[in-house]
Amino acid sequence: MKLDPHAIEAQAEGRHEIRDGLPVLTEILVHYTLRIPAGTRETVDRALARHQEKCPTAATLKGAVAVRWTALVIEA
């Protein structure tokens, strides 16, 4: 299943802490809003359950920066 690009919104927030006088990125919080076709919720839930292992950003930053997410899923 492929969603229309306009059906996906994401807001990201970075959290920093000061280490040795430098602000260091320690966490990224992402909130998704997904508008999905009726009857596709199970597929979307399975994809979201695998988000952490399939997200390129999370994979790149693994061990250095925590990546957390939430999702609001709206069935059309």
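The values are calculated or read from the model by the stated rules, or taken from the named source; none is laboratory data. All figures in this text were calculated on a predicted structure; none of them were measured in a lab. All Cβ positions, even for glycine, are placed from backbone atoms using ideal geometry, and neighbour counts span all protein chains on display. Surface areas here come from the heavy atoms of the whole protein model, side chains and all, with no ligands, DNA or RNA. Shrake-Rupley method; radii C 1.70, N 1.55, O 1.52, S 1.80 Å.
Side notes on the structure shown:
- Cβ-Cβ under 8 Å pairs, at least 6 apart or on other chains, the stretch 8-23 side charged (D, E, K, R), far side at pLDDT 95 or above and open to solvent by 80 Å² or more (accessible area, probe 1.4 Å): GLU17/PRO23
- Of all residues in the stretch 50-63, those that are within 13 Å of GLU27 (Cα to Cα) have Cβ atoms under 7 Å from Cβ atoms of residues that are in a helix (DSSP H, G or I) and not aliphatic (A, V, I, L, M), 6 or more apart or on another chain, in ALA58/GLN52.
- When LYS62 is tested against (1) more than 17 Å from LEU3 (Cα to Cα); (2) open to solvent by less than 90 Å² (accessible area, probe 1.4 Å); (3) over 10 Å from the mean Cα position of the chain (by Cα), only condition (2) is not met.
- Checking each residue of the stretch 30-42 against the condition of being farther than 16 Å from LYS2 by Cα, modelled with pLDDT of 95 or more and not in a strand (DSSP E or B) gives no match.
- Output for the stretch 30-44, where each listed residue is open to solvent by 40 Å² or more (accessible area, probe 1.4 Å) and either within 13 Å of the chain's Cα centre (by Cα) or under 19 Å from GLN11 (Cα atoms) (or both): HIS31, TYR32, ARG35
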